[in-house]
Amino acid sequence: MKRVLSLFLVDTSNLELLRAQLKAFSKQVPLLYFILSVNTVTLASTHYGKAPFVLTVLFPAALIGFCLIRGINWLRVRHRRISDKEVIRRLYGVVILGGLLGAFYLGWALSIYDYGNAYTKSNVAFFTAVTVISSIFCLLHLRAAALALITVIAIPFSAFLLFTQGTTFVAIGINLLLVSAAMVYILVVVSTDFEKMINSQIETARLSEENHRLANIDSLTELPNRRHFFQQLNGFLACAKEENTSLVVGIIDLDGFKAVNDIYGHVIGDRVLTKAGQRLEALSSDTTLIARLGGDEFGVLIIGAQEHNEILAFGERVCAALQRPFSLPEAVANVSCSVGFATFPEAGNSPELLYERADYALNYAKEHQRGRPTIFSKSHETEIRTRSTIEQALRCADLESELSLCFQPLFDVAHQRPIAFEALARWHNPELGNIPPNVFIAIAERTELINTLTQVLLRKALDAASTWPEEIHVSFNLSVRDILSVDSMTRIIAIVQSSGVEPGRIGFEVTESALMGDFEQAHDAIARLRALGTRVSLDDFGTGYSSLSYVHRLPLDTIKIDRSFVLDIETRATSRNIIRTIVDLCRNLEIGCVVEGMETEAQADILRDLGCNTMQGYFFSKPLAEKDVLDFLSLSEVSA
């Protein structure tokens, strides 16, 4: 019984289905009311003059007028988006009004039935049957309304015909009942199929939306992903060109995030990224889009920002938001961030160029003002051109003849003598002149050229060391690309083996940045060098984010304390305490310790009191040309 009653109810649990039913019905409304109006005129005209004026003119006129008003009302809201409540109200209205209208039509048909002859009575039966069947077809998608018509008109009128005298009308009544039963079956089948189709469309739309979300949203941070970022960049840039407005492209990179992964693991790292995404999302607005580009890098698009101060202020808010400690149940992680911005049209007029310029500004921020925002400027443009010129010259250079080395001594202050020389690269180009090492080395490291430079310079360094006394060592710097390249390490080992220099006299210096790129590969590379018999030092110790996490995990021989701690050692107790702590650490780990950057006798005296025995700096000697090393060693022996 409940199942039968449910057929007459409007299921309000599936709003999308209700909207589809309403949309389908609204397309049939004009046809429904047209059929009702034509049938009304036809039946009234066949009884005009035979039945009372009220039944042939006034009542039909009222029905037609009602149909006209309802039809116009439906046409007005046909293409308008209406609320969920309005959808439910209208569908219930169709069911109730359909039943009432059916009752009125049945009452009118029965009232007019006895007027006229057998032909007009047959017309009444035909009118009723056709009206019911045609109305049901118009209401196929509204099962409850169609069933209400069958219940209100078809069944009572069939019963009326069955109890009249005359086999013809009894036959019509039976036929109408059978047709009505068939219509009920068709209604159930069609409405069920329609519901399945709509539910399938809903599921398809949901899956499509989910696929779109997965394609455009980063699964970890729930921010827009790289794909969506560049789609929006293209669209925003097109609008900015058309409307002559500004557009800012920014890149955010977390400083120190690699250390979080190495110390706490990737699970904690992912949680930090999630919280970082939440903090950045809080800075988003209608004119600011923030996306995750991958790893610990995020992208920013700002529409309409005019002043550089406004852009920098936003960048400062980003940096401040990400510099706050990330408190997690397992640990407290600390990172910072650097931000690079490029503005349209000043920095470029294509998505690729704007992104490249923002990336350049980011790298500039990391090198010169880490933890701060930087906007790409004309000076950066000049620097790019200069670097491009240097890169082309470096690619075309005769490295064997143009590259050379200087050597800066490392002093054993306890015995007042040099014990090693650090090889420092120099490049003189016939057209460009002398290029500073911090410039051409950085350019080479961004390309594959650094491996070639390393091999040329290492051969030169070992050739020079082969002429020195056997107790004097040589120290050589390796780049990130050298450490992380298996092929490059193989060539470096081959050069050492063929040099004729005892491996124990050779020391390689690696920076923490080389270790952070791929710790496992770096560990393997250092292990290969140690197995060869060479020594390995960790350079610039104290300037990174997690040096201590590497010291106890790597087979190191020496730690070099960065010069930044020496600059203010005479005035800052903090710097002295840090150096004392590192010296004690090295002593406890039974590894060597070198302090670099001494420029005054006072600094050297303080360092000696702190327990430092090996030092390097201008106070002892500036870098020497290769031809001056032996003379310097001779003078040192005399002085000692």
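The values are calculated or read from the model by the stated rules, or taken from the named source; none is laboratory data. Note that the structure is predicted; figures quoted are calculated from it, not measured. Glycine gets a Cβ as well: all are built from the backbone with ideal geometry, and neighbour counts include every protein chain shown.
The table that follows gives values for the structure above.
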{"item": "Residue check for Leu273: over 27 Å from Gly304 (Cβ atoms), assigned by TED's automatic domain parsing to the domain that holds Ala333 and touching a Leu at 6+ places or on another chain (Cβ under 7 Å)", "result": "yes"}
{"item": "Checklist (1) closer than 22 Å to Asp218 by Cα; (2) without any contact (Cβ under 8 Å) to a residue 60 or more places away in the chain applied to Glu316, failing item", "result": "(1)"}
{"item": "Listing of helices (runs of 4 or more DSSP H) fully contained in the stretch 433-536 that carry 3 or more residues being of a type in the set (S, T, N, Q) and touching a residue at least 40 places away in the same chain (Cβ under 8 Å)", "result": "449-465"}
{"item": "Residue match in the stretch 315-325 (condition: farther than 27 Å from Ile263 by Cα, assigned by TED's automatic domain parsing to the domain that holds Ala282 and either touching a strand residue (DSSP E or B) at 6+ places or on another chain (Cβ under 7 Å) or part of a loop (DSSP other than H, G, I, E, B) (or both))", "result": "yes"}
{"item": "Hits in the stretch 313-334 - residues which are aliphatic (A, V, I, L, M), modelled with pLDDT of 90 or more and more than 15 Å from Ile302 (Cβ to Cβ)", "result": "Ala320, Ala321, Leu322"}
{"item": "Which numbered condition Ser547 fails, given (1) modelled with pLDDT of 85 or more; (2) within 22 Å of Glu590 (Cβ to Cβ); (3) polar (S, T, N, Q)", "result": "(1)"}
{"item": "Given (1) within 30 Å of Leu462 (Cα to Cα); (2) surrounded by 14 or more Cβ atoms within 10 Å (Cβ to Cβ); (3) among the aliphatic types (A, V, I, L, M), index of the condition Ile582 fails", "result": "(1)"}
{"item": "Residue in the stretch 370-420 that is farthest from Leu633 (Cα to Cα), counting only those that are among the aliphatic types (A, V, I, L, M) and either assigned to a strand (DSSP E or B) or over 48 Å from the mean Cα position of the chain (by Cα) (or both)", "result": "Ile375"}
{"item": "Filter result for the condition that a residue is loosely packed, with under 13 Cβ neighbours inside 10 Å, closer than 21 Å to Ser135 by Cα and hydrophobic (A, V, I, L, M, F, W, C), over Leu75, Leu43, Leu63, Leu58", "result": "Leu75"}
{"item": "Test: residue in the stretch 280-292 that is farther than 20 Å from Asn244 by Cα and either in a helix (DSSP H, G or I) or over 20 Å from the mean Cα position of the chain (by Cα) (or both)", "result": "yes"}
{"item": "Filter pass, Thr12 being touching a helix residue (DSSP H, G or I) at 6+ places or on another chain (Cβ under 9 Å) and modelled with pLDDT of 80 or more", "result": "no"}
{"item": "Every residue from the stretch 335-360 that is surrounded by fewer than 18 Cβ atoms within 10 Å (Cβ to Cβ) and part of a loop (DSSP other than H, G, I, E, B)", "result": "Pro345, Glu346, Asn349, Ser350"}
{"item": "Those residues of the stretch 241-262 which are surrounded by 18 or more Cβ atoms within 10 Å (Cβ to Cβ) and either part of a helix (DSSP H, G or I) or among the β-branched types (Val, Ile, Thr) (or both), in sequence order", "result": "Val248, Val249, Ile251, Ile252, Phe257, Lys258, Ala259, Val260, Asn261, Asp262"}
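Results for (1) at pLDDT below 85; (2) under 30 Å from Glu307 (Cα atoms), shown as yes or no for each residue.
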residue: Leu220; (1), (2): no, no
residue: Gln231; (1), (2): no, yes
residue: Leu237; (1), (2): no, yes
residue: Asn244; (1), (2): no, yes
residue: Lys258; (1), (2): yes, no
